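Written below as structure tokens is the structure these notes are about.
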Amino acid sequence: MQYRNLWSVLSILAVAAAAACGGGGEEPAAVAEPAAPVFDPATAGNVSGMVMVDGELPAPEELMMNSDPNCAMVATNTMSVNYVGSDGHLGNVFVYVKEGLGDMTFPASGDVVTLNQEGCRYIPHVLGIQVGQTLNIINSDATLHNIHAIPAMNDEFNMGQPIQGMEFERTFDTAEVMVPFRCDVHGWMNAYIGVLEHPFFAVTGVDGMFDISALPPGDYVIEAWHEELGTQTQNVTVATGETAEVSFTFSVS
């Protein structure tokens with residue numbers, strides 16, 4: 001009797017083990033990944049505002065370009081541009097959505113962004129681009145330039161352009177604010193590029209104004225970046241069909 005009971009117990013355990021291992025049973029259904037939120041452009045709103053400065057902006061410095069006679073001949077602007085603005089407004093400020101977009105994704109724009117070397121300057125001095133969007137770098141000067149990008153998150157590159165009219169293209173794989181650029185031939189040449197996974201950014205002009213359009217409704221953190229004065233953030237709520245206003249004030253001691 002004891003052997004018969006033991007045999008019954010072993011038989012039950014064997015059947016249970018076979019069932020647990022999927023013997024003859026159906027595979028469990030795969031769990032579908034949740035779909036990413038879809039943005040309906042008809043619900044968009046906007047953010048606009050200005051960047052101001054409290055105090056007197058430092059006077060521009062004269063850039064000594066005589067080390068390259070070609071630059072000395074073609075330069076139309078020999079003044080520094082790290083501080084630009086007028087009437088208490090601040091230019092060359094990169095303003096962008098830092099937080100609030102959640103899991104929404106935005107394809108890279110097909111528009112090509114241009115960084116030009118003209119008059120032995122980088123033009124523009126500050127700009128923005130999306131991850132995967134094409135950056136075209138042009139040498140418009142009849143002298144040697146090299147483009148040295150010094151990112152922390154993306155791949156560094158250093159390319160020479162010895163001939164006027166040369167161009168080459170690059171893309172960035174990772175969001176990064178900001179990527180510094182410099183020319184190792186001409187020490188006064190520098191620029192900054194903000195790389196984002198979305199298109200919601202702007203750069204202020206000398207009037208300090210900016211607009212970020214077609215933004216999904218929601219609550220956001222907007223950041224303003226300046227190469228000398230650092231960063232500031234503001235919280236803003238964007239509603240469908242409306243324009244939220246936000247302003248920043250940087251202090252100059």
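Rule-based calculations on the coordinates, nothing more; no lab input. Because the structure is a prediction, the values reported are computed rather than measured. For neighbour counting, all protein chains shown are included, and Cβ atoms are generated from backbone atoms with ideal geometry for every residue, glycine included.
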Across (1) buried (at least 16 other Cβ atoms within 10 Å of the Cβ); (2) of a type outside the set (Asp, Glu); (3) free of Cβ contacts under 8 Å to residues at least 24 places away in the same chain, Gly187 clears everything bar (1)
Filtering region 174-198 down to residues that are within 8 Å of the chain's Cα centre (by Cα) and more than 26 Å from Glu61 (Cβ to Cβ) yields Ala175, Glu176, Val195, Leu196, Glu197, His198
Of the residues in region 69-79, those that are surrounded by fewer than 16 Cβ atoms within 10 Å (Cβ to Cβ), free of Cβ contacts under 8 Å to residues at least 60 places away in the same chain and over 17 Å from Gly205 (Cβ atoms) number 4
Exercise for review: Output yes when any residue across region 57-74 is in a loop (DSSP other than H, G, I, E, B), closer than 25 Å to Gln232 by Cα and either touching a strand residue (DSSP E or B) at 6+ places or on another chain (Cβ under 8 Å) or not hydrophobic (A, V, I, L, M, F, W, C) (or both), and no when none is.
Suggested key: yes
When (1) touching a helix residue (DSSP H, G or I) at 6+ places or on another chain (Cβ under 6 Å); (2) without any contact (Cβ under 8 Å) to a residue 60 or more places away in the chain are applied to Gly110, the one that fails is (1)
Among strands (runs of 3 or more DSSP E) completely within region 144-234, the ones holding 1 or more residues that are more than 30 Å from Ala42 (Cα to Cα) are 145-149, 157-161, 167-170, 176-182, 190-196, 218-226
Flagged in region 162-208 as within 30 Å of Asp87 (Cα to Cα) and basic (Lys, Arg), in numbering order, are Arg182
Return yes when Ala149 is of a type outside the set (Lys, Arg), in contact (Cβ under 8 Å) with a residue 12 or more places away in the chain, closer than 21 Å to Glu61 by Cβ and crowded, with 19+ Cβ neighbours inside 10 Å and no when it is not.
no
Evaluate region 121-131: report whether one residue or more is surrounded by fewer than 16 Cβ atoms within 10 Å (Cβ to Cβ), in a loop (DSSP other than H, G, I, E, B) and not charged (D, E, K, R). no
